[in-house]
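Data block below; observations after.
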Amino acid sequence: DTGVSQDPRHKITKRGQNVTFRCDPISEHNRLYWYRQTLGQGPEFLTYFQNEAQLEKSRLLSDRFSAERPKGSFSTLEIQRTEQGDSAMYLCASSLGTGGQNIQYFGAGTRLSVL
Amino acid sequence: AQSVTQPDIHITVSEGASLELRCNYSYGATPYLFWYVQSPGQGLQLLLKYFSGDTLVQGIKGFEAEFKRSQSSFNLRKPSVHWSDAAEYFCAVGAGYSSASKIIFGSGTRLSIRP
């Protein structure tokens, strides 16, 4: 069990460019979550998957954002036409999601800076 | 809607002193409650959780928290802090019908330790 892995750890991009982040959950975890954290704030929910199905999306997830989990394992989060307001830490979490005492385990995050 | 309030943005305590971080939540049903810790450059680590049962829960690193339904509170305590406890602490509530749902985080309390 290597934990939740996120790649890259840091991304610097120019406004208007597209970026893609990857999250590898703990193996056999069927739920995967994306959160965004801005400076001085707690993480805010963006979306989550159960296996390959995207079950919920926050209103924070504008149409420039898209997330996928094609085979129910790793997930990608893409931001198109980045804006300076997209600068944040993007956190991924996974859980076993079988009900009962479900715990979300977080990765170290991808820090995005939009210049 | 579910929400979490952490009224203290920044707290400084002396090493060896006791600690209490405050957390109030808003949720209609029995909540799933969490405390996470985040060190610089690190992901979120779960300190402890409350799902049901005993309202005093023990966590890792000597932390404990008490769920008080009448006060809608879930305060975090530690009898004697160590310099390594300096970090950002987030209280959170599970926002859904199960503990596998998304998590709503408070804005965090930054803990500094005075030598």
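With on the phi < 0 side of the Ramachandran plot, more than 12 Å from every other protein chain (Cβ to nearest Cβ) and outside any loop (DSSP other than H, G, I, E, B) as the only criterion, which of A:I12, A:I26 stands out?
After ruling out the rest, the residue left standing is A:I12.
When you scan the stretch B:38-87 for strands (runs of 3 or more DSSP E) that lie fully inside it, which ones turn up with 1 or more residues that are buried (at least 19 other Cβ atoms within 10 Å of the Cβ), without any contact (Cβ under 8 Å) to a residue 40 or more places away in the chain and within 14 Å of chain A (Cβ to nearest Cβ)?
It comes to B:44-50, B:56-58.
Answer yes if at least one residue in the stretch A:53-76 is within 13 Å of another protein chain (Cβ to nearest Cβ) and modelled with pLDDT of 95 or more, and no otherwise.
Within the stretch A:53-76, none of the residues are within 13 Å of another protein chain (Cβ to nearest Cβ) and modelled with pLDDT of 95 or more.
If I filter the stretch B:5-33 down to residues being closer than 24 Å to A:S58 by Cβ, modelled with pLDDT of 95 or more and not hydroxyl-bearing (S, T, Y), which single residue comes out as surrounded by the most Cβ atoms within 10 Å (Cβ to Cβ)?
B:C23
Please count how many residues of the stretch B:93-115 are small (G, A, S) and at pLDDT 95 or above.
4
For the subset of the stretch B:1-37 comprising residues that are assigned to a loop (DSSP other than H, G, I, E, B) and either hydrophobic (A, V, I, L, M, F, W, C) or closer than 24 Å to A:A108 by Cα (or both), which member is farthest from the other protein chains (Cβ to nearest Cβ)? Don't jump to the end; show me each part of the working.
Filtering the stretch B:1-37 for residues assigned to a loop (DSSP other than H, G, I, E, B) gives B:1-2, B:6-9, B:15-18, B:22-23, B:27-31.
Okay, now just the ones that are also either hydrophobic (A, V, I, L, M, F, W, C) or closer than 24 Å to A:A108 by Cα (or both), so B:1, B:6, B:9, B:17, B:23, B:29.
Values: B:A1: 12, B:Q6: 8, B:I9: 8, B:A17: 25, B:C23: 11, B:A29: 16 Å.
Here the residue is B:A17.
The values are calculated or read from the model by the stated rules, or taken from the named source; none is laboratory data. All of these numbers come straight from a predicted model, not from anything done at the bench. In this analysis, Cβ positions are derived from the backbone assuming ideal geometry, glycine residues included, and neighbour counts consider all displayed protein chains.
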